[in-house]
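Chemist: A single structure is presented below for examination.
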Amino acid sequence: GPFAEDLDASTAASPELQRKLQSHRAAFSRQYEQALEQLASRATDKADHVDAARWWQQLADADPYNTRVVLRLIESLAAAGDRRRALITAEAHHALLAADGENAPSQELMHWLAHLRRAGSSPRATPTGSPPVTDPRTAKLSRALGTSYRVTRLIGETSLTADFAATTTTGSTP
């Protein structure tokens, strides 16, 4: 939990001590969240989606309004094959944002919601147009190829080459 959370204005000797405690709490919280994101990113880079989902979940629990983090959690869950939990997570985040009234759901969250609701038992893990989640190099390669192709996944690798599956932006295989 937060650093020295049991101390409050009645416990602290001065407002200055309260400010220092708040500053330390914020610093520790940032460090905790940075560590979780590094662990989640490393697991994602290794295509360990179950472990990545575990770290993204902890980070989402620490910062539930962070849509970027929740989207990474949804992507990891879907890539790990847990579409049911991905859908529950997406719906819960959508409901949280709707209840807050100040944060509109992102288009990417709405895209995931729609995909997960209609996916059912589809073997496909990611909705069309979403960034691939199996290998970080796929996004880099997609950017390099421009808008003509979307790289979908790594399909093979040797010490000298990496082969990727791709589709044209019209949906056909090149």
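Chemist: Enumerate the calculated ³J(HN,Hα) couplings along region 104-109 in order (Karplus 6.51 cos²θ - 1.76 cosθ + 1.60, θ = phi - 60°), each rounded to whole Hz, writing x wherever the residue is Gly or Pro.
Modeler: Taking θ as phi minus 60°, the curve returns 7, x, 6, 5, 5, 5 Hz for region 104-109.
Chemist: Which whole-Hz ³J(HN,Hα) couplings does region 44-50 yield from phi under the Karplus relation 6.51 cos²θ - 1.76 cosθ + 1.60, θ = phi - 60°, glycine and proline marked x?
Modeler: Ordered by residue, 3J(HN,Hα) equals 5, 4, 8, 6, 8, 5, 5 Hz.
Chemist: Along the three principal axes, how long is region 20-116 when you take its alpha carbons, biggest first, rounded to the nearest angstrom?
Modeler: Projected onto its principal axes, the Cα set of region 20-116 covers 46, 37, 17 Å.
The numbers here are math on the coordinates, done by the rules we state, and not lab data. Small disclaimer: the values here were computed from a predicted structure and weren't measured.
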